[in-house]
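Structure, as structure tokens:
Only the coordinates and a few stated rules stand behind these numbers; no lab work does. Every value quoted in this text rests on a predicted model; they were computed, and no experiment measured them. When we count neighbours, we look across all protein chains shown, and the Cβ atoms used for this are built from the backbone with ideal geometry, even at glycine.
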Amino acid sequence: MKDRENPRVMGRMVLMALVVLVPILLRGFSGCQSMGAGSGGSREITINLDLQKTGPEIAATFYGIFYEDINYAADGGLYPELVRNRSFEAKSPDPSPVIKTLFGWEANYRKLGGEGKVAAGTGTPLFDTNPTYVTVTVTSAPYAIANMGYSLKPDMPFMEGAVYNFYLYLRNQNYSGNIVCSLENRDGEMVSNTVTLTPEAVGWRKYGTYTFTSDYTGKGALVLRCEGTGQFDLDFVSLMPVDTWGYGESAWPYGGLRRDLVEVLADLKPGFLRFPGGCIVEGAYRHETAYNWKDTIGEPEKRRENSNLWGYMMSYGLGFHEYFQLAEELGAEPVPVLNAGILCQARNRGGNTEPDYRPGVPEFDQLIQDYLDLIEYANGNPATVWGAKRADNGHSAPFNLKMIGIGNENWGPNYWRNFKAIREAVLAAYPDIKVITTTGPLASGPINNEAWLHINASYRDAIVDEHYYMEPAWFLTNTTRYDSYPRSGVEIFVGEYAAHETNRANTWNAALSEAAYITGLERNADLVKMSSYAPLFARQGMPQWAPDLIWFDGAGITSLTPSYHIQKLFSNNTGKEVLSPEKAPAKKDMFHASSVDREKGLVYTKLVNPYEKELTVTLNYANCSVQGEAELTTLSGDPSAREVHIEEGIVSVGDNMITLNLAPCSTVVLRIKITL
């Protein structure tokens, strides 16, 4: 984790010390090695699967994805805007923000010989939501300003033959002459056609949309070259690729999302999409930094940019409407999470400067109204106020929202007081909505225990969101965590989890431990209804948190991690019903879960061998007829590696029985065709 001296992360670091470092010190590092009872004795095991036995149903939402704008996941990532700080609203991180108007920009670019200056503008802004703009004064030409993208040097990723949409807002004061706009490579060479603007003295005006076509693959900058003299104001400069997911479709009126990143999400076949976080929901230090969904819809230039508690600005070009639309196109249930009126508690050590909201104050009343308005936005018909806004944004039909989260990783009396009031208001207006509560950021301890006291006493109809980031050994020794949880009506949502090595790397060892743990979640599908790894995305070289599921840079995906391949394999190979509700083998020789889709006539069996010795597994199938072959996918690798080997194969079936050898440190998924 970077920036360890930065107060914005110190609170989270304290929690991580509790979650990760203490258990490691107590138990030591655990890799793919001899461990526990499974390391010795017989390495053979038999699993009997009776197709006449019925087990719990596995919810369609069992495997999902959790998206948070952390690690620069949105701007320059899933939201493919190439201009960094396009509205000139950048500030340094809280708790003592400093305006950084030209962050991402360079004035007097390449020192072409002319003279001028660029400064923060004052006076009437383009839109009140984003009050900052810049005033460009050119005293002699040529003079250029440029946007670097997501680096201090030209970093915009261009692709030969690719087309980019470009527009900006400009208000001419007394500038006379042209402004020639183009794409340049890092050597200062023009690598596209040019767009020539001749500013008019008509107040704020949108210039564009124009297109650039690149004749170059590599890094560069967007350059605005002034060939005249005088003064003009500049705001909201946008450059986005045309080849995006949804571009040109009526459902995406403001442009689409980055295609390669959406495609790898689609490959996961998620049952839900939880958004927009995560800690950013809460905000830190001041309530104005909390995520307000109403700031994130409508025309992009009117959306209020905001500080992200992870240390950078959010343009909100990727907003709540886009999240709903993405969930729909992925075939996933939308799971929005809203602020509970409580600033990020993990950052209290950094000094939250404003008190929590509480019932009875106007801010809390507005907070509750925001919940109700969001549900109307998602589900109301176009004749309603917020349903009409949804229709204006390109989606006349409802999004069919079914559940909503109240707060993220909150705890203590203020949270439970606020949760009670918000929940009552939501259910009074929308009794069919499922409400999600939280047990805080830890797998156990006083915060978790207090949460369950409240839940068991008053909120057994809730979905309970549990979060934990632990070392791999914890996941291996806690695969039975939910076996003993009471079946009292509560549904479990494992909303954030990941195995953390001491070096915070995405290793195959960590993924193996997660795979073993997931088999325990599947076997408890009557209780566990949703699960999602976290975080989802990280931009290469710019993370605040690791490990992560998918790594990318401006040009493409740099790593689909071992954990990603486990998530993909498991989510794509799960039936509708748990098969044989027996628990994991008592000796912990291996970990397994089986499920059946009776309509398709398929049985799926997940086998995880996280140890250093080979394991022989025999599967017996009763009360069915098994065909002569079964398909299998094997994931294996070096435990310390950050990649995994994937192999497809066939295994023979004889007398309704399959015997196979599981290699050390491997996971196998079997797909068996049956006749009942």
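Just to confirm the number: angle between the C-alpha axis of helix 446-458 and the first principal axis of the chain, 0 to 90 degrees, nearest 10?
80 degrees
Over the alpha carbons of the stretch 105-241, what is the largest minus smallest coordinate on each principal axis, giving the biggest first in Å?
Its Cα atoms span 40, 33, 26 Å along the three principal axes.
Around Tyr67, under 12 Å between beta carbons, what's the net of Lys plus Arg minus Asp minus Glu among the other residues? Before the final figure, lay out the partial values.
Values: positive: Arg274; negative: Glu68, Asp69, Glu322, Glu496, Asp548.
Every neighbour counted, the sum reads -4.
Pull up the DSSP beta bridges for the chain and report the antiparallel fraction as a percent, rounded to 5.
Numbers: 101 of 139 bridges.
Percentage antiparallel, nearest 5: 75.
Measure nothing but the geometry: give the 0 to 90° angle between the long axis through the Cα atoms of 320-330 and the longest principal axis through the Cα atoms of the chain, rounded to 10°.
On a 0 to 90 degree scale, this one is about 40.
In the stretch 372-445, if every C-alpha pair distance is counted and binned at 5 Å from zero, what percent goes to each bin?
3, 16, 22, 16, 16, 12, 8, 5, 2, 0
For Lys600 and Asn503, compute 0.36 nm times the residue count separating them, minus their Cα-Cα distance, and round to one decimal in nm. All intermediate terms of the calculation are to be shown ahead of the outcome.
Values: separation 97, 0.36 × 97 = 34.92 nm, distance 4.31 nm.
Here the segment from Lys600 to Asn503 would lengthen by 30.6 nm.
Per residue of the stretch 653-666, what does 6.51 cos²θ - 1.76 cosθ + 1.60 with θ = phi - 60° give for ³J(HN,Hα)? Whole Hz please, x for Gly and Pro, Karplus curve as stated.
10, x, 6, 6, 9, 10, 10, 8, 9, 9, 5, x, 6, 9
Along the Cα→Cβ direction, 7 angstrom out, place labels at Ser652 and Ser640. What is the inter-label distance in nm?
4.0 nm
On the principal axes of its Cα set, how long, how wide and how thick is the stretch 93-185? Give whole Å, largest value first.
39, 36, 24
Rounded to whole Å, give me the distance from the Cα center of the stretch 138-157 to that of the stretch 222-265.
17 Å
List the relative contact order of the chain as a percent without decimals, with contacts defined as Cα pairs under 8 Å and 6+ residues apart.
Taking the mean separation of contacting Cα pairs over the length of the chain, I get 17 percent.
Order by neighbour count: Ile179, Ile518, fewest other Cβ atoms within 10 Å first, most last. Write out the running numbers ahead of the final one.
On the way: Ile179 24, Ile518 29.
Final ranking by Cβ density, sparse to dense: Ile179, Ile518.
Under the 0.36 nm per residue contour assumption, what length would be gained going from the current alpha-carbon distance of Glu160 and Ser488 to full extension? Please list the in-between numbers first.
Numbers: separation 328, 0.36 × 328 = 118.08 nm, distance 5.88 nm.
Stretched fully, the Glu160-Ser488 segment lengthens by 112.2 nm.
Got a sec? Which residues in the stretch 76-92 would a label at Val264 touch, if it sits 7 Å along Cα→Cβ and we count backbone N under 12 Å?
78
Where a Cα-Cα gap under 17 Å defines reach, which lysines qualify for Lys402, not counting those fewer than 8 residues away within the same chain?
Of all the lysines, those that pass the test against Lys402 - Cα under 17 Å, at least 8 places apart if same chain - are Lys434, Lys529.
Consider the candidate values (i) 26.4, 83; (ii) 26.9, 89; (iii) 35.7, 153; state which one is Rg and Dmax of the Cα atoms in Å computed from the structure displayed.
(ii)
Over 32 Å between C-alpha atoms is what I'm after, so list which of Lys389/Lys420; Lys153/Lys206; Lys100/Lys302; Lys91/Lys111; Lys117/Lys294 land there.
Details: Lys389/Lys420 29 Å; Lys153/Lys206 28 Å; Lys100/Lys302 20 Å; Lys91/Lys111 26 Å; Lys117/Lys294 36 Å.
Violating the 32 Å Cα-Cα cut-off are Lys117/Lys294.
Per residue of the chain, what 222 nm ellipticity follows from adding -39500 (n - 2.57) for every DSSP H run with n ≥ 4, rounded to the nearest 500? Provide the component values of the computation, followed by the final result.
Working: 11 runs with 123 residues, N = 676.
-5500 deg cm²/dmol, from helical runs alone.
Quick one: net charge around Arg171, please, counting Lys, Arg +1 and Asp, Glu -1 for every other residue with C-beta under 9 Å from its C-beta. Don't skip to the answer; put the middle values down first.
Details: positive: Arg205; negative: Asp233, Asp235.
Around Arg171, the surrounding residues sum to -1.
Would you tally the net charge around Asn414, using a Cβ to Cβ cut-off of less than 14 Å, leaving Asn414 out, and scoring K and R as +1, D and E as -1? It would help to have the intermediate numbers written out before the result.
Numbers: positive: Arg358, Arg417, Lys420; negative: Glu282, Glu354, Asp356, Glu363, Glu409, Glu450.
Charge balance near Asn414 sits at -3.
Multiply the residue gap between Gln627 and Ser151 by 0.36 nm, knock off their C-alpha separation, and tell me the result in nm, one decimal place. Intermediate values should be presented prior to the final figure.
Values: separation 476, 0.36 × 476 = 171.36 nm, distance 5.68 nm.
In short, 165.7 nm is gained.
Using alpha carbons only, how many degrees (0 to 90, rounded to 10) separate the axis of helix 562-571 from the longest principal axis of the chain?
Between the helix axis and the principal axis of the chain, the angle is about 70 degrees.
Just to be sure I understand the model, the point goes 7 Å from the Cα along the line to the Cβ. What's the resulting Val385 to Lys100 distance in nm?
3.8 nm
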